[in-house]
Number of protein chains: 2
Amino acid sequence: MTVKTNTKGASKLPLNQILDGDCIEIMNSLPEGSIDLIFADPPYNLQLKGDLHRPDNSKVDAVDDEWDQFSSFAVYDKFTNGWLKAARRLLKPHGAIWVIGSYHNIFRVGAAMQNAGYWILNDVVWRKSNPMPNFRGKRFTNAHETMIWASKEEASKYTFNYEALKSLNEGVQMRSDWVLPICTGHERLKNEEGEKAHPTQKPESLLHRVLVGSTNPGDVVLDPFFGTGTTGAVAKKLGREFIGIEREEAYRKVAEKRLSKVRKFDRESLQVSTSKRAEPRVPFGQLVERGMLTPGDELYSMNNRHKAKVRADGTLIGDDVKGSIHQVGAALEGAPSCNGWTYWCFKRDGQRVPIDLLRQQIRAEMADRPN
Amino acid sequence: MTVKTNTKGASKLPLNQILDGDCIEIMNSLPEGSIDLIFADPPYNLQLKGDLHRPDNSKVDAVDDEWDQFSSFAVYDKFTNGWLKAARRLLKPHGAIWVIGSYHNIFRVGAAMQNAGYWILNDVVWRKSNPMPNFRGKRFTNAHETMIWASKEEASKYTFNYEALKSLNEGVQMRSDWVLPICTGHERLKNEEGEKAHPTQKPESLLHRVLVGSTNPGDVVLDPFFGTGTTGAVAKKLGREFIGIEREEAYRKVAEKRLSKVRKFDRESLQVSTSKRAEPRVPFGQLVERGMLTPGDELYSMNNRHKAKVRADGTLIGDDVKGSIHQVGAALEGAPSCNGWTYWCFKRDGQRVPIDLLRQQIRAEMADRPN
DNA sequence: TATGCTACTGAATCGACAC
DNA sequence: TGTGTCGATTCAGTAGCAT
């Protein structure tokens, strides 16, 4: 597999590979601050009576219940703190992490994340549309899992493709509860005996939403509990780089085979809807400089209750107020802020036209002739 | 109010009263092992910074009350451990507890519950049908809260009214995610100034489901953070005894007034929640996430005059147009609007098939297992 | 009385960048 | 590191008043 070098520090990164070994050791061997996003589906084999294992796979001694429970919690917490710390070291300053779990472990994991300095952005509920029923009728059907989305620290400028997610949700902003089916059918990988290759294979739809929403093409995504490689498969399809860590040979084999068959979507299909924030800034003064508006022209507020006059330096003057289009609009409305671009209109052929139209013209020209 | 004596230890219990004071001190003054169920809605420790305005410039009325302020995680943890310990002492051997929270606090609370010896039975997600949006477009809409349901210890024979819940859910097993609206309208209590009496009043529908599912008539329900008394009101309606603890006089007053008006349901009046659901909304993006269509796939218009390509975010790109299936269809036809579901087809085995067929598949899956 | 329009609201950790 | 300025951003629903 190829190794790209267009990402900072990426030359040292084993991109698009599955690394064999203990995830903490492997992570500690990778360069600091080199990863954009981590997706982690850590094991949680506690509370399974008769099959209680430590994360290092040694059996937990059967002692009295209370001590046993406390002991295994402590072991699990130590394991959790260990991999979370190693993961955080790898993240770029503006990197982020997703962790998925169920009620058996997610509360401990979430608390550990907060204690380690991660800044929780949302918890997201994966609502399974076809969960396993509760056969004994003693509890609620366990129909969801919880994901925690957190940035490396409070100040991180994390990636969030708001418009793309809104598009995925047909024009309504994406909520913190996602209804998606579990992984079944052809997508569910089988081993050579025809049994399911991994007990908790995640659906690609889940990773699609995670990666479209919180990464950009070319970003490096690390999955320290790679399993059968759902994270890698979706990353490859979406034009992201991945690094997987998995210590079970059987899973690595299945994942390698799976990944070899995956093809990247074509470039045009990977383009997603972007927000206005991503567009170049146009100072209002440019409309005056270019003669699209002339000093002395009158602008009218959206609600037609106020007017103001354009000045040569690209500021406005209204009744007792002068300043930028935003400042004058805010002052006249008595509002804490105001987007002057959508607030002010000018007259053309007797029609009121938002000044934002002129900005769009300039932006269109810029797109035709970049720089 | 009357004091019943049919419950063990109940003669010492201040039933159907609101107790004034610190919840830990009050709980420690009540007899050990006397409570059937605890419902707790502790402070969330929101840690809000500046003001937040809606896009229309109106200010969001934030939860900035003194009781939600904690100086650090450590202080919050100490508080949490304190009340959880006092609560557990009060529970009967087969008693249980519900705690509600958001991502700000629920992970710490859940871990503390496990450490204190509670045995988690389920986490239940309250999916809000009408949450407040994310106004800045920087995160997912915070559309749910999490409840943890736990028994006093692993061996507890907790109460679970499986059939009653199944009836509440139109004959299907109750799942771990509940769709309920937030508390608004006339149910939302106002103070004498006409402002909301409590910033975080919970809907009665939520408590209804909790109490029907995990208590029996005559059981004693304790709420250590009583607020305006939703737990008490629903308990009274359902013929359960309640004890409330609340240290804010303003909340106690509102709750007393509220409770004085509440009448117990007569035995036959099962209020039926006939939820005549509209057909669930299926965003086109979900067909892409779920792999029913792939980014790069081509769609063809019904009249075969146009085609467009599917993108990773569930938008289409045609000749010089991009946007939702509806927008692109309308643009290509020069029409003011267009139903993309019936306008676009994909090819399967050389045949043109309307994409609406795929939507119907998803709806059929959802109909099999409602809610 | 029915219908339509406007105003308002809800547990929210809700900028980025230049100087 | 702080300050000032630009300017992007909302969904489902209820209440109340006007027609």
**OP:** Working only within region A:180-202, note down all residues that are at the interface with another protein chain (Cβ under 8 Å from one of its Cβ atoms) and either of a type in the set (A, V, I, L, M, F, W, C) or in contact with a strand residue (DSSP E or B) (Cβ under 8 Å, 6 or more places away or on another chain) (or both).
**Re:** A:Leu180, A:Pro181
Original post:
Does region A:107-138 hold any residues that are among the hydrophobic types (A, V, I, L, M, F, W, C) and within 7 Å of chain B (Cβ to nearest Cβ), and which are they?
Top reply: A:Phe107, A:Ala111, A:Ile120, A:Leu121, A:Val124, A:Val125
Original post:
Which of the residues spanning region B:54-73 are more than 14 Å from chain A (Cβ to nearest Cβ) and small (Gly, Ala, Ser)?
Top reply: B:Ala62, B:Ser71
Original post:
Any idea which of (1) facing chain B (nearest Cβ under 7 Å); (2) within 20 Å of A:Ser214 (Cβ to Cβ); (3) open to solvent by 50 Å² or more (accessible area, probe 1.4 Å) is the one A:Ala155 doesn't satisfy?
Top reply: (1)
Subject >> Residue list for region A:257-305, restricted to those being free of Cβ contacts under 8 Å to residues at least 12 places away in the same chain and surrounded by 15 or more Cβ atoms within 10 Å (Cβ to Cβ) >> reply: A:Ser269, A:Gln271
Original post:
In region A:315-327, how many are open to solvent by less than 20 Å² (accessible area, probe 1.4 Å) and either away from DNA strand C (no atom under 15 Å from the Cβ) or within 17 Å of B:His53 (Cα to Cα) (or both)?
Top reply: 3
Original post:
What do you reckon, is B:Ser129 open to solvent by less than 40 Å² (accessible area, probe 1.4 Å), under 16 Å from the mean Cα position of the chain (by Cα) and more than 13 Å from B:Ser151 (Cβ to Cβ)?
Top reply: no
Original post:
Inside region B:155-204, can you point out the residues that are away from DNA strand C (no atom under 16 Å from the Cβ), over 16 Å from the mean Cα position of the chain (by Cα) and among the charged types (D, E, K, R)?
Top reply: B:Lys157, B:Glu163, B:Lys166, B:Glu170
**OP:** Report, by residue number, each residue of region B:180-195 that is charged (D, E, K, R) and either under 14 Å from A:Phe140 (Cβ atoms) or open to solvent by less than 50 Å² (accessible area, probe 1.4 Å) (or both).
**Re:** B:Arg188
Original post:
Which is under 23 Å from B:Asn57 (Cα atoms), surrounded by fewer than 15 Cβ atoms within 10 Å (Cβ to Cβ) and either within 16 Å of DNA strand C (Cβ to nearest atom) or modelled with pLDDT of 95 or more (or both), of A:Ala312, A:Ala308, A:Ala335, A:Ala330?
Top reply: A:Ala335
Original post:
Which numbered condition trips up B:Val99, out of (1) away from every other protein chain (no Cβ under 11 Å); (2) surrounded by 19 or more Cβ atoms within 10 Å (Cβ to Cβ)?
Top reply: (1)
Original post:
Would you call B:His144 more than 12 Å from chain A (Cβ to nearest Cβ) and in contact with a Ser or Thr (Cβ under 8 Å, 6 or more places away or on another chain)?
Top reply: no
Subject >> Residue that is nearest to the other protein chains (Cβ to nearest Cβ), among those in region A:165-179 that are closer than 19 Å to A:Arg127 by Cα and surrounded by fewer than 20 Cβ atoms within 10 Å (Cβ to Cβ) >> reply: A:Glu170
Subject >> Elements of type helices (runs of 4 or more DSSP H) contained in region B:73-173, each with 2 or more residues being farther than 17 Å from B:Phe39 by Cβ and among the aromatic types (Phe, Trp, Tyr) >> reply: B:73-90
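The values are calculated or read from the model by the stated rules, or taken from the named source; none is laboratory data. Bear in mind that the values here come from a model prediction, so they are computed numbers and not experimental data. FYI the Cβ positions are ideal-geometry reconstructions off the backbone, even for glycines, and counts take in every protein chain you see. Side chains included, ligands, DNA and RNA excluded: accessible areas come from the protein's heavy atoms. Shrake-Rupley method; radii C 1.70, N 1.55, O 1.52, S 1.80 Å.
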